[in-house]
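Inspection log for the structure reproduced underneath, given as structure tokens.
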Amino acid sequence: MAVPAATHQPELTILNTSASQYLVGIDLGTTHTVVAYAAAGDPQKTIRLFEIPQMTAPGEVAAKPLLPSVRYHPAPGELSAGAGFLLAEDGAVLGEAARVLGAKSQGRLVTSAKSWLSHTAVDHTAPILPWGSDESVFKVSPLAASASYLQHVRTVWEQRFPDAPLARQIIVVTVPASFDESARSLTLEAAKLAGLADVRLLEEPQAVCYDWLRRHAGSIEPSLAGSRLMLVCDVGGGTTDLTLIKIEYGAGEPQLTRIGVGDHLMLGGDNIDLALAHLAENRLRGAERKLSSADLAQLLEQCRIAKERLLADDAPEQVAVTLLGGGSKLIGGSKSAALSREEVRQIALDGFLPLSGLQELPDKKRSGVVEFGLPYAAEPAISKHIAGFLQSHAHAAQQALGESGIVPDALLLNGGVFRSRALVQRVTALLSAWRGGRAPTVLDNPDPELAVAYGAVSYAIARRDKKLRIGGGAARSYFLLIDGAGENRRGVCILPKGSEEGHELLLAGRHFALRVGQPVRFHLLSASGDGDYRSGDLVELDDDRFHSLPPLAVAFEGQQKAEVAVQLSATYTEVGTLRLQCVALDGEGQRWDVEFQIRKAKSALVNADLPAQLPQAVEKIQAVFGAKSKQVDPQAVKILRADLEKVLAAPRGDWQTPLLRELCNALLDGSKYRRRSEQHERLWFSLAGFCLRPGFGYPLDDWRVEQLWKLYPEGLQFVNEKQNWAEWWTCWRRVAGGLPAEAQQRIFNDIGKFINPASARQPGLAKQIATRGYEDMLRLAASLERLAVADKLQLGEWLLKRLAKAGEPEQSWWALGRIGARILFHGNNHDVIPPTQAAAWLQQLLAVDWKKQAQAGFAATLLARRCDDRVRDIDDALRQQVLEKLKQAKAPASWQEMVAEYKVLDESQEKQIFGEALPPGLRLI
């Protein structure tokens, strides 16, 4: 939660060729990891594939061109100890054997770690994979899983080349062009964890193009056949990556410049596998309920194998997929279903690559294809995404083509799905139709699964030898948000698209007075589409074209609260990431790096001017909670709330988030004076929690909550005042969303004994409850969404015991629903209790009369709420029971909708779940 200190982002160290014996390219793919290399001193510049030793079956080892990017987590004693170095350090099986074992087991296979790195609703350092597996399976984080594949490559490389440690070679690791700064930074972090600190990132579509250039060296111009605009369409396992490259002719070799990249699109071969798995599931289960997530994961592996066979040129008529029952209650024994060649091609072609029109753009409504916790693209038709991509770069495309059209005249396809001739022909036909029947020049790619790794080495060679390179610089333009009122947001361009690497741009004419010793935030946005921006340009911002980046924050070291005049510097680094610095204007040129805070689960954009009366409001707070406040009329503390509303000419409920956070800062400055009297203490916690709720959603909230949390160990001064305890618990409940798991756990440890019906009966605790307020503690406990699942289950069982007896307050129903909710307010998806336990609680709730006890119906709504994630959703039949009972009880229509279909909450529903109104204007994403 701490604001990062000013540290330098990693930069590529170009090692001496005498120290670096090899140039190595690593394609860290969603489905496979591929490694290629060339000897640094080889005059022929021959690029070789590094075949990766791996287990292919228990006890069997072979070197293979592809290392499946999967991990199998064996049960204790499942594998013999003779596997040697081919097991990961934590005992997981990597590679081909992991796939084989995963297709025959349930809930032990880690897949798509790369996709999880770009998922915003999880903690990338938390052990959450395999997603949906039970507690008996050990888990790993997406970051650690990605690092383990690189670590395996490093291990087997150094066994083959003991005199050339991989960390000392020139290494290029590829990433999707659509990866944002967070996902790129996480990839660099994974490389560091694997001991590869000095790497360079290269966009995968560019790597494919570098491979094509290498293979056509000496005949590039005739091979391009006069084409002026190339579309690189890379459909991998987890993403579809689109890039436009302009081709210009003149003396010498043609000049290639990357002019457009697509936005992140979680749509690829995995989605085709998932569609086939759903088809097979319907045939396997008949009238039975859905397969469990573990069964579906096993079926998915079978469908992936079937897809590859049925899309091949020599495909059989059909392939059987088998689900091994192993005594499962779900289907008993093994069951098989057949997938035919024709239906697989129909799903792949018509479902994912239909012959849609150039004006048919992606449907942004939520799709049903949502599984395993990953937010797949809402629109499955890749064709429509290509059309939308071309429309967003229409101006650049027209300039490159020199005509009114926008459809590229050259096509370079990559990814395992394009081993199928039918899919290659479909994309070619699509572009031909958009070009009025004129077929594009299809550039050959004989190894669509290896080209990225080969191209990474080709790029390293071209860079070293200063030979033909693809220009284009930064793929996006970056903007600094300037606070504006209402919907009219404006930003200043700090780095235009196309900025060359290593070239620093100072934001001229805009200086900032930064306070040293306190954190400073920067709100950045990026845009990849058309737009001729220059550094310093003021631009109107909208949500369609401009995408918010994770917040940037830095705490500048130096004398507390001293101010330094700086200007902002932006550089597209050698590594391939954005680097921001604040440069002092005092002539000495001191610099501070500004770092991305990697992946907050939720963020907000709040646009509101601070009121002119803010200084007077701050003075009112300082008069009560300031060094001189002893000299102020004691009555001032009692009327401070009313005074603030009077000065600001608005009731507290109308105060906008920027104003609330400024008032919070003033309160934090005066926190040491909160103990002057019981009224001071009570009012301070009441206002601080109110101004900082819900503890996240606005820049630097993590820093504010960190300052507030420092007060928790000090506790209350006036421990015999019931109202002070009420404000104390309410403050922590209001900001719980900003507290890390460790803090939430500490609070639970302190209050759990009061909620536990067994311990609460003890005479000493019963007396304390009367003063400390059971209901306030209960509401706080239910808001601790980052608690360990075991503690949540314990808390829920306590409440059910209490609710079975008369006299338990209504709040306990709300608390039970909040604890077992399918979609959390601020917690991560992996903090949700298992659906089996939620189902057990629902059975008890169904026995309650919801007409008489409406809060029980609301609790059931949260427990049964649909989220379209099989790992979290309850059984369909049970959900239908809940829905029918809600209808019979004449529960609000909004509750019924939450159970019937996936639904984003409106303001009133958010208020009901949070427990009170959220700050006006705060939009939680």
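The values are calculated or read from the model by the stated rules, or taken from the named source; none is laboratory data. Every value quoted in this text rests on a predicted model; they were computed, and no experiment measured them. Methodologically, a virtual Cβ is constructed for each residue, glycine included, from the backbone with ideal geometry; neighbour enumeration extends over all protein chains shown.
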Scan the stretch 743-762 and tell me whether some residue there is in a helix (DSSP H, G or I), farther than 18 Å from Asp791 by Cβ and at pLDDT 90 or above. no
Are there strands (runs of 3 or more DSSP E) fully within the stretch 178-270 with at least 3 residues that are within 21 Å of the chain's Cα centre (by Cα) and touching a residue at least 24 places away in the same chain (Cβ under 8 Å)? List them. 199-203, 240-248
Hits in the stretch 119-152 - residues which are more than 20 Å from the chain's Cα centre (by Cα), of a type in the set (S, T, N, Q) and not in a loop (DSSP other than H, G, I, E, B): Gln151
Listing of helices (runs of 4 or more DSSP H) fully contained in the stretch 337-436 that carry 2 or more residues being under 26 Å from Val321 (Cα atoms) and in contact (Cβ under 8 Å) with a residue 40 or more places away in the chain: 341-346, 421-434
Among the residues of the stretch 891-904, which ones are closer than 15 Å to Ala859 by Cα and of a type outside the set (Gly, Ala, Ser)? Pro892, Trp895, Gln896, Glu897, Met898, Val899
If I filter the stretch 735-750 down to residues being in contact with a Leu (Cβ under 7 Å, 6 or more places away or on another chain) and without any contact (Cβ under 8 Å) to a residue 60 or more places away in the chain, which single residue comes out as surrounded by the fewest Cβ atoms within 10 Å (Cβ to Cβ)? Gln745
How many residues are of a type in the set (Phe, Trp, Tyr) and crowded, with 21+ Cβ neighbours inside 10 Å if we restrict to the stretch 822-843? 1
Looking at the stretch 211-231, which of its residues are closer than 22 Å to Leu390 by Cα and either crowded, with 22+ Cβ neighbours inside 10 Å or not aliphatic (A, V, I, L, M) (or both)? Gly226, Ser227, Arg228, Leu229, Met230, Leu231
Condition first: surrounded by fewer than 21 Cβ atoms within 10 Å (Cβ to Cβ) and either acidic (Asp, Glu) or in contact with a helix residue (DSSP H, G or I) (Cβ under 7 Å, 6 or more places away or on another chain) (or both). Now tell me which residues in the stretch 155-166 satisfy that. Thr155, Glu158, Asp163, Pro165
Considering each residue of the stretch 29-71, count those that are within 20 Å of Ala456 (Cβ to Cβ), of a type in the set (D, E, K, R) and more than 35 Å from the chain's Cα centre (by Cα), and give that number. 2
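Okay, residues lined up against (1) surrounded by fewer than 14 Cβ atoms within 10 Å (Cβ to Cβ); (2) at pLDDT 85 or above; (3) among the basic types (Lys, Arg):
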residue: Asp295; (1), (2), (3): no, no, no
residue: Ala312; (1), (2), (3): no, no, no
residue: Glu317; (1), (2), (3): yes, yes, no
residue: Ser336; (1), (2), (3): yes, no, no
residue: Arg341; (1), (2), (3): no, yes, yes
residue: Phe352; (1), (2), (3): no, yes, no
From Pro130, Pro142, residue being touching a residue at least 60 places away in the same chain (Cβ under 8 Å) and under 29 Å from Arg184 (Cβ atoms): Pro130
Of residues in the stretch 693-712 being modelled with pLDDT of 95 or more and not in a loop (DSSP other than H, G, I, E, B), the one farthest from Cys664 (Cα to Cα): Tyr712
Residue that is surrounded by the most Cβ atoms within 10 Å (Cβ to Cβ) [pool: residues in the stretch 763-780 that are assigned to a helix (DSSP H, G or I) and small (Gly, Ala, Ser)]: Ala766
Scanning the stretch 28-56 residue by residue, the ones that are outside any strand (DSSP E or B), touching a residue at least 40 places away in the same chain (Cβ under 8 Å) and farther than 11 Å from Pro68 by Cβ total 4
Take the conditions of a type in the set (S, T, N, Q) and either out of contact with any Pro (no Cβ under 8 Å at 6 or more places or on another chain) or at pLDDT below 85 (or both) and apply them to Thr441. Does it pass? yes
I'm trying to understand the selection: among the residues of the stretch 749-769, which are touching a helix residue (DSSP H, G or I) at 6+ places or on another chain (Cβ under 8 Å) and among the small types (Gly, Ala, Ser)? Gly752, Ser759, Ala760, Ala766
Which residues, taken from the stretch 86-101, are under 24 Å from Leu323 (Cβ atoms), of a type outside the set (A, V, I, L, M, F, W, C) and part of a loop (DSSP other than H, G, I, E, B)? Gly95
Single residue of the stretch 547-565 satisfying the filter (farther than 16 Å from Pro699 by Cβ and touching an Asp or Glu at 6+ places or on another chain (Cβ under 9 Å)) that is modelled with the lowest pLDDT: His547
Residues that are buried (at least 20 other Cβ atoms within 10 Å of the Cβ), out of contact with any Gly (no Cβ under 7 Å at 6 or more places or on another chain) and not hydroxyl-bearing (Ser, Thr, Tyr): does the stretch 899-909 have at least one? yes
